[in-house]
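J.: Dumping the structure here so I can ask a few things about it.
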Amino acid sequence: MSESDPPDGRAFAAPTVRWTRELRALCYLRRRPGTTPPKLDAVTAWAAVSSHYRTIAAVWARSESHAEPAIATLLEAACAYLSGATPHVDSSEVAGAAFIVMQHALDKKVESPIDDLVTCWVASAGPAFAAEALVASRRFELHGLRKPKVPPLLQLAREIPVPFTVPYHDYMAATVYPDNATLERDRALGWLWLQEYLAACDQPSWEAARDRAAALRGNATPWTRTGLAFLFPEIPEWAEADVRERLASGPGNSKLGMLLTRVRDPELLAQMAGLTSTNAFLLRRPGYSYDTSKDRAACLLSIIDGVGTDAVAPLLVWIDRAAARRDHERLRDYAAALAIIDSDQAIEAMVDRLDLARAPRPRSVYDEPPTWAGFILQALKTIAMYLTGQPGRKLDRDANKWGKRRYLNATLRIFVKALRASPRRALLALAGRAGSGRAEIDALLAVIAKEQPALCDELAPSLPDRARQILANVRGR
C-alpha cells in the first residue's frame, strides 16, 4: 500500500463520470465550446409550415372562435400570417396565436411542424423574439370538437393503416387561457428547439434573449417562468427559485420535470426526485407524449452533466422506486445512468443493490412481448393453471422467469460491468460485505480477485478476514 493511500486502502482517486462521445451526444445542449447550433433554413421551414397550414385552413376558417371578441382579431391575424408568403411577423402576440393554430392536425398521427415555425421566428427576428412569442402562446389553449365524417365502425382508421385519412377534429377553438397548466406534451413543443439554438448562438444574441427572458419573468405565471428557466440552463438560479416556490406550495404542485436538467443544487435535486412520482415527474424530452428509453437517457445524462457525481442521490431514489413498483424497463435505464458514475457512493450503492436488480417480479407475464404463438400458448397455460387449481406462486415463478430475461438480467449486467470497471472501489465495497450470506457478493469478489491479483495483494492487509479468505481460496486454485 502506497503512502498516499489512506489506512483502509482507498485511493485518493477523485470521483468522476465515465463520459464517452456517444453519451455526450445524448445530453441536452448547453453553452460550451464546440456546440453546433441547429440549422437555420427559413425557406424550407416556412414551406413546411405553409404546407401544414393548408391542410387545416378550412377547419380554422369555420372555427367558432372567430365570434369570440377576446381572440377573434388575433386569430384572424394569425391565420393571415400563416397563409402569407413570408415567415416574418412583427407581433409576438400574433406569433403566439399562430403557434396554437399550428398545433392542430387533421390526423393525430401527423406531427405538426412547430419546430419549423420557431425556426422561422429565429431566422427573421432573432431568438429574443422567439422566446417572447412562446411566452405569448401560453395565453391560449387549443380545443377541438370531434365530429367524424364517417360511420363509427370506420373510426378504427385512426388506429390502423388504411388508404385514406379520417379527420381527427372538424372544428377547432382557441380560447384565452389563464396559463395554469404544466409545460408538458404539446404545450412544450418548440421550447426544446429554441433552447438548443440558444446553447450555440453567438454571445450578443444569447445576451439579448436572456435580457428579454428576464424581463418577461417579472410578470409571468409560474409555468411560463418554468419554460423560460428551461431555455437558459446557464442560469440555474432561475430554475432553483422556481422549484423552491412550487415545492413550497405543496406536493400537488411539484410537477417540474422540465427543470430536472436545470437544477444544480444537489440537495434540491434529491428533494425533487423524492417528492414526485416517476410518472408525474416527466423524464422525457419536453413536448412529447410518451417517453422512450432514449428520451429517459437524454434527461438522466443531462442531470449528470449538470451536477456530476452528485447525481447519485436522485438516481438512487428513482432506482429504488422503479424496483418497488416492478418498473423494470425504467430500472434498467436508471441503472445505466448510475453505472457511468465512478465514485465510492455509486459503487457502494450498486453493490447493495445487486440482489435488488434480480429479485422483484415483473408486473405482467407479458412484460416481454412474445410471438403470437407464444402468446397463445402462455394464455392457454395460464387458463389451465387456474382450472386445475395450481397455487399462485407457480404463476409468480413463471412471471419472474419471463421478465428477468430482458430487464432484470440487463440491470444486473450493467451493475457488474460498472463494478469491474472500477476494481479498487468495487473490491473495497464487496470486501466490507463479504460473508453476509449474499452469494452474489462472494461470487463477484472472486471474479475481481481473478482479474486483479496485484490489486488484491496490495489491499489484502486492510480487508476483513472473510474477504481475505475468499481471495486466498481463489489464488489457491
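Computed from the coordinates by the stated procedures, all read-outs in this text should not be read as laboratory data. Small disclaimer: the values here were computed from a predicted structure and weren't measured. Positions of Cβ are backbone-derived with ideal geometry, glycine not excepted, and every protein chain shown enters the neighbour counts.
J.: Hey, fewest Cβ within 10 Å first, where do W19, W206, W60 land in order? Can you show the working numbers first?
T.: Details: W19 13, W206 19, W60 22.
Sorted ascending by nearby Cβ count, the order is W19, W206, W60.
J.: Sticking with this one: Cβ under 11 Å from A434's Cβ, A434 left aside: what net charge do those residues give with Lys, Arg +1 and Asp, Glu -1?
T.: +2
J.: Once you put a point 7 Å from the Cα of L26 and another 7 Å from the Cα of S205, both along the Cβ direction, what distance in nm separates them?
T.: 2.9
J.: Using R₀ = 45 Å, calculate the FRET efficiency as 1/(1 + (r/R₀)^6) where r is the Cβ-Cβ separation of A215 and V474; round to 0.05.
T.: On the way: r = 66 Å, r/R0 = 1.48.
Once rounded, the FRET efficiency stands at 0.10.
J.: Once fully extended, how much extra length lies between R420 and E267, figured as 0.36 nm per residue of separation less the alpha-carbon to alpha-carbon distance?
T.: Values: separation 153, 0.36 × 153 = 55.08 nm, distance 2.93 nm.
Gain in length upon complete extension: 52.1 nm.
J.: How would you rank E234, E267, going from fewest to most other Cβ atoms within 10 Å of each one's own Cβ?
T.: Details: E234 14, E267 10.
Ascending Cβ contact count within 10 Å gives the list E267, E234.
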